[in-house]
Amino acid sequence: MKDVYRSKIGSSFKKSLQFSLVSGIPGLIALFLINGLVFEFTWFTFIMALIKALSGICLAFCGFKALGMINLSLYSLFMMLGGMVLPYLQGIIFYGEPMTFAKGICFTLICVSLVLTLDKKRGKTTVGGGIYYVIIFILNGMSGVLSKYFTEADFDKTSPAGFSIMTSILTITLSAILLLFFVGNGDEIKQTPLTLTIAASNGILNKLANYFLVVTLANGIEASIQYSMVTGGVILMSTLISYFGKKKPTVKVLISALIAFVAIFTLLIPF
């Protein structure tokens, strides 16, 4: 969705901020409804939400800039690897999650599956664009790292929904404040029903997905298991959705999806 929006609007910092703002409002409404229109607050939640909001805004900006400079396939690879690898390592190194044979096999298979999704034809990396791979890897991984720390930290905190709501409010507020610095700079943005729909849909899906990830972490699901399953699930769903688009999945993509499917089921191995 983000790449379609960027292709319609552009990739400046102002436009990435507006995307965060426009997509954040519908997502916030959805979260409030889930939480029964209840607002929760603790200072620990506020600080964690502020860090996550800043990280998300930076990711949105870097994602916008990167999609105009680097290979789209590699962008997806580094983004998903970061979202899986960092929380995976965090859970094992810092929270004593066991490193089992099943997790090792699953992790390895997911990495192989991701590599198979590479498509060298989907854009070329420009000079200086390579740094975005590393930044996207770290920032997308930080979302899972911060969520895991929030659920495990022994401080006064809100519910997962309260944390998600606080993060959304701060993301919207910071985006609006930063946008004030760009008023009248000539970089005008013309929204259309299509771009507004894309931004709103992205916001709702993204906020709900992050909320459920925090909920499952809070209920004892290990990060080293959860984020491997999420990454494998993304590969499977992307392959399934591609059947309804103009570009049908290639044999390589189907093999990648099959490997991801097998990887998820290796987590059932009891050792």
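Confirm whether F261 is among the aromatic types (F, W, Y) and either under 21 Å from the mean Cα position of the chain (by Cα) or part of a loop (DSSP other than H, G, I, E, B) (or both). The answer is yes for F261.
Under 7 Å between Cβ atoms, which residue pairs at least 6 apart in sequence (or on different chains) link something in the stretch 242-271 that is over 19 Å from Q226 (Cβ atoms) with a partner that is of a type in the set (K, R) and modelled with pLDDT under 85? From residues that are over 19 Å from Q226 (Cβ atoms), the pairs are S242/K248.
With under 23 Å from the mean Cα position of the chain (by Cα), in a loop (DSSP other than H, G, I, E, B), among the small types (G, A, S) and modelled with pLDDT of 85 or more as the only criterion, which of G233, G203, G220, G245 stands out?
Details: G233 fails: in a loop (DSSP other than H, G, I, E, B); G203 fails: in a loop (DSSP other than H, G, I, E, B); G245 fails: modelled with pLDDT of 85 or more.
It is G220.
Every condition in (1) under 16 Å from K103 (Cβ atoms); (2) in a helix (DSSP H, G or I) is met by L254 except one, and the failing one is (1). State yes or no: is K157 of a type in the set (D, E, K, R), modelled with pLDDT of 85 or more and in contact with a Gly (Cβ under 8 Å, 6 or more places away or on another chain)? Considered against the rule, which asks whether it is of a type in the set (D, E, K, R), modelled with pLDDT of 85 or more and in contact with a Gly (Cβ under 8 Å, 6 or more places away or on another chain), K157 comes out as no.
Looking at the stretch 214-231, which of the residues that are of a type in the set (S, T, N, Q) and over 15 Å from L86 (Cβ atoms) is surrounded by the fewest Cβ atoms within 10 Å (Cβ to Cβ)? If you could, list the steps in order and put the result at the bottom.
Taking the stretch 214-231 first, the residues of a type in the set (S, T, N, Q) are 216, 219, 224, 226, 228, 231.
Then drop every residue that is not over 15 Å from L86 (Cβ atoms), which leaves 216, 219.
Working: T216: 19, N219: 9.
The extreme case among them is N219.
When I29 is tested against (1) out of contact with any Asp or Glu (no Cβ under 8 Å at 6 or more places or on another chain); (2) modelled with pLDDT of 75 or more; (3) under 20 Å from T231 (Cβ atoms), exactly one condition is not met: (3).
Taking the condition at pLDDT 90 or above and touching a Ser or Thr at 6+ places or on another chain (Cβ under 6 Å), does T100 pass? For T100, the condition - at pLDDT 90 or above and touching a Ser or Thr at 6+ places or on another chain (Cβ under 6 Å) - is not met.
Here the stretch 31-57 is the region considered, the condition is being in contact with a Lys or Arg (Cβ under 6 Å, 6 or more places away or on another chain) and part of a helix (DSSP H, G or I), and the residue that is surrounded by the fewest Cβ atoms within 10 Å (Cβ to Cβ) is F44. Per the conditions (1) assigned to a loop (DSSP other than H, G, I, E, B); (2) surrounded by fewer than 17 Cβ atoms within 10 Å (Cβ to Cβ); (3) at pLDDT 85 or above, the sole criterion not satisfied by V112 is (1). Pairs linking a residue in the stretch 85-97 that is in contact (Cβ under 8 Å) with a residue 12 or more places away in the chain to a residue that is of a type in the set (F, W, Y) and buried (at least 17 other Cβ atoms within 10 Å of the Cβ), with Cβ atoms under 6 Å and 6 or more positions apart or on different chains, are P87/Y227; Y88/Y227.
The values are calculated or read from the model by the stated rules, or taken from the named source; none is laboratory data. Here the structure is a predicted model, which means the values were calculated and not measured. Every residue, glycine among them, receives a Cβ derived from its backbone with ideal geometry; neighbour counts consider all protein chains shown.
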